[in-house]
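The values are calculated or read from the model by the stated rules, or taken from the named source; none is laboratory data. Please read all numbers here as calculations on a predicted model, not as lab measurements. Positions of Cβ are backbone-derived with ideal geometry, glycine not excepted, and every protein chain shown enters the neighbour counts. Side chains included, ligands, DNA and RNA excluded: accessible areas come from the protein's heavy atoms. Shrake-Rupley method; radii C 1.70, N 1.55, O 1.52, S 1.80 Å.
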Amino acid sequence: MEDFDEFVRARGDALLRYGYVLSGNSEDAADLVQEALTRLGDAWSRVRNKDDPEGYVRTTMVRLHIKSWRRRRRENLVADVPEHGEPDRYGDADLWSELQELPRKQRAVLVLRYYEDLSDQEIADILGISRGTVRSQAARALDKLRIKRVLQEAR
């Protein structure tokens, strides 16, 4: 179990940042990391023998994130919109604000493609969708980001 504790100490912050990129807020990121590590803690002797134990943990986090948004398919509506968002503790605030405006599936595809550097087939397997859907979701997401960038530059 000491090996597992060492892994958590060494890679915990990176996993937390990854969870933040997936979920969009630090509380959900911490929940993703905690749930993934809890599930894998008992099986760590098998996981650590994999080629990429951190990749295994990240895949578990993605699956947990997808499971949660499939459960909550609807947007959470609030009566009062806050004046300012939560400060970005883990990375580029501009990047996150742009990604946050994308639908969850498009955001997940971009994170897996560009942050995790996964192939379309690997992304399709993780998300449980076809390779064509991965490509179309990525294209739509990138188009939205480009359009937004052009509009901002025109101002």
Mind giving me the nanometre distance, one decimal, between the label points for residue 150 and residue 131, set 7 Å out from Cα along Cα→Cβ?
3.0
When ligands, DNA and RNA are left out and all protein chains stay put, how many square angstrom of accessible area per residue does region 23-63 have with a 1.4 Å probe?
54
Expressed in square angstrom to the nearest 10, the accessible area of residue 105 with a 1.4 Å probe stands at 60
Expected sort for 37-47, 20-30 on mean C-beta neighbours within 10 Å, highest first, is 20-30, 37-47
From zero up to wherever the largest Cα-Cα distance of region 108-155 sits, split into 5 Å bins and tell me the percent of pairs in each.
5, 24, 26, 18, 12, 9, 6, 2, 0
